[in-house]
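Quick notes on the structure that follows.
The values are calculated or read from the model by the stated rules, or taken from the named source; none is laboratory data. Note that the structure is a prediction, hence the values are computed from the model and not measured. Positions of Cβ are generated from backbone atoms using ideal geometry, with glycine treated the same way; all protein chains shown enter the neighbour counts.
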Amino acid sequence: MTRRQPPHASRSRQSLRRLFLGLFLLAFCLPNAQGQAADIVPTRSVTANGMTVLFLEQHFLPTVEIHALVKVGSAQDPPDKAGLANLTASLLDEGTQTRTSRQIAEQIDFVGGSLAAHAAEDFTTASARVLKKDADLGFALLADVLQHPAFHKQEFERVRTQILGEILSDDDDPGNVAMKAFHQLIFHGHPYSWPAHGSEDTLSKITVADVQQFHAREYVPNQTILVIVGDLTQEQAATLVQTHFGSWKKGTPSPYQIKKPSPIDRKMVQLIEKDLTQSTIVLGHTGISRTNPDYYAVTVMNYILGAGGFSSRLMDSIRDKQGLAYGIMSQFDSRLLPGAFFISLQTRTEVTNQAITGVLTEIKGIRDAPVTDQELSEAKSFIVGSFPLRVDSSAKLANVLAQVEFYNLGLDYFTSYPKAIEKVTKDEVLRVAKQYLDPQHYALVVVGSIAKAKVKQ
């Protein structure tokens, strides 16, 4: 239950603590188990069948992470069969032409490894993690599930039923309900408007044949990025890639041409009635793409606004000063195309309007005047200082490297990212706030006791 919080330390003291933490992380986390972030420079090659391979040799632990990114996701789903990409990914390890689902599970479990697959909006990922001594098995299993899934009818029905259950469960969660409605408002018919797992209606229309055709068309080496991180030499990795992926034949994936989502040009409000003691609020609009040159300035700006935890303006105003919420955050969900910008919180029903007004006030405030020197320094210190925590395991590192290649961010990313953050100025923060935040044209979703909240529209 949301309640008014007791007085906290002053904003300056919070800022000093956050600044100290950022400096601490910068000083002590950079030389972590993965080595200095700036020293992370993988090798890149392209196989004869068109698969891009990134390899990073690391010998800190006797482990190998194999991470495949296939350039197809839920954004490519047919509108009437949304959830196809996710269902296909979920079925990859449920049996192949030579292994049953049980055999796959037993083989990876026996060596203490892991195998997983997941579809997001822009891409699908599949990964295997094994000890060095089991590298051949890890490559074999990942290659098998990517290239030769069986898509048995029985497994298809079971997994689809499981996903349908997850959809129904999500519909009971006010936060999920609010975010789903919010995406439908701001993307209004664009592929980003539907959840990656689809809906009860669209999932029921997908057949085994749909999954088979989707896989045959889209899962090809020439639209796959394979990342290898771990205790192997370059020669060993190259041999394993050739052995297990060399016979994978090129294909011709669908030439998808998804248009940019159109920005909303008016205020849109959706009120969803649920008998709750709190209101769940999501407010925002379309944001930016990951490849936008302003990404780094936006990252700093958003940290100050609402992504910086207790040091953010939204937390200081909405939680600490007004006692309207226990937590509040802002996020730019950057994708291949412009994703969403949103602010989310839960508040007591009777103060719903006050909370919405407070959020809009902070959006306007960061657009109207430059941030302080202290806010800028604190934000940059923490973002740069905590950057190594994003790659403090082989799994995290492989995931980041795959996306670095997918978004064409450059193999010097681990050097260029901190430099780009450090270069951000107060003028740039103000400029991007004015450019990418809009307190007039936005979508507002409120889930709760609407009659009691009396939300102003």
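I want to confirm something. Restricting to the stretch 85-140 and keeping residues that are of a type in the set (V, I, T) and more than 29 Å from K205 (Cβ to Cβ), which single residue is surrounded by the fewest Cβ atoms within 10 Å (Cβ to Cβ)?
Checking each candidate, the answer is T98.
Pull out all pairs, ordered by first then second residue, where Cβ-Cβ is under 6 Å, the residues are six or more apart or on different chains, the first lies in the stretch 387-400 and is within 19 Å of T124 (Cα to Cα), and the second is acidic (D, E) and not in a helix (DSSP H, G or I).
Hits for this filter: S394/E65; A395/E65; A398/E65.
Is there any pair with a first residue in the stretch 85-99 that is in the same structural domain as Q213 (by TED's automatic domain parsing) and under 18 Å from V72 (Cβ atoms) and a second that is assigned to a helix (DSSP H, G or I) and hydroxyl-bearing (S, T, Y) whose Cβ atoms are under 7 Å apart and which are 6 or more apart or on different chains, and what are they?
Sorted first by the residue in the stretch 85-99, then by its partner, the pairs are A85/S74; N86/S74; D93/S101.
Within the stretch 344-366, is even one residue touching a residue at least 24 places away in the same chain (Cβ under 8 Å) and within 17 Å of the chain's Cα centre (by Cα)?
Checking the stretch 344-366: at least one residue is touching a residue at least 24 places away in the same chain (Cβ under 8 Å) and within 17 Å of the chain's Cα centre (by Cα).
From the list E166, E157, which one is farther than 22 Å from V446 by Cα, surrounded by fewer than 17 Cβ atoms within 10 Å (Cβ to Cβ) and modelled with pLDDT under 95?
Matching residue, one of E166, E157: E166.
Go through the stretch 92-127 and give me each residue that's over 21 Å from V208 (Cβ atoms), polar (S, T, N, Q) and touching a strand residue (DSSP E or B) at 6+ places or on another chain (Cβ under 6 Å).
S114, T125, S127
Right, L25: over 27 Å from S114 (Cα atoms) and either at pLDDT below 95 or in contact with a strand residue (DSSP E or B) (Cβ under 9 Å, 6 or more places away or on another chain) (or both) or not?
yes
Would you tally the residues in the stretch 220-268 being in a helix (DSSP H, G or I), of a type in the set (D, E, K, R) and farther than 18 Å from L56 by Cβ?
Residues meeting the conditions: 0.
Every residue in the stretch 58-90 that is of a type in the set (A, V, I, L, M, F, W, C), touching a Lys or Arg at 6+ places or on another chain (Cβ under 9 Å) and over 26 Å from V229 (Cβ atoms), please.
A75, L87
Taking the criterion of being closer than 30 Å to P370 by Cα, assigned by TED's automatic domain parsing to the domain that holds L376 and in contact with a His (Cβ under 8 Å, 6 or more places away or on another chain), would at least one residue in the stretch 274-284 satisfy it?
Scanning the stretch 274-284, I find no residue that is closer than 30 Å to P370 by Cα, assigned by TED's automatic domain parsing to the domain that holds L376 and in contact with a His (Cβ under 8 Å, 6 or more places away or on another chain), so the answer is no.
How many residues are of a type in the set (F, W, Y) and either under 28 Å from K259 (Cα atoms) or touching a Phe, Trp or Tyr at 6+ places or on another chain (Cβ under 7 Å) (or both) when one looks only at the stretch 141-189?
2
Would you call T299 touching a strand residue (DSSP E or B) at 6+ places or on another chain (Cβ under 6 Å), buried (at least 19 other Cβ atoms within 10 Å of the Cβ) and in contact (Cβ under 8 Å) with a residue 60 or more places away in the chain?
Answer is no for this residue.
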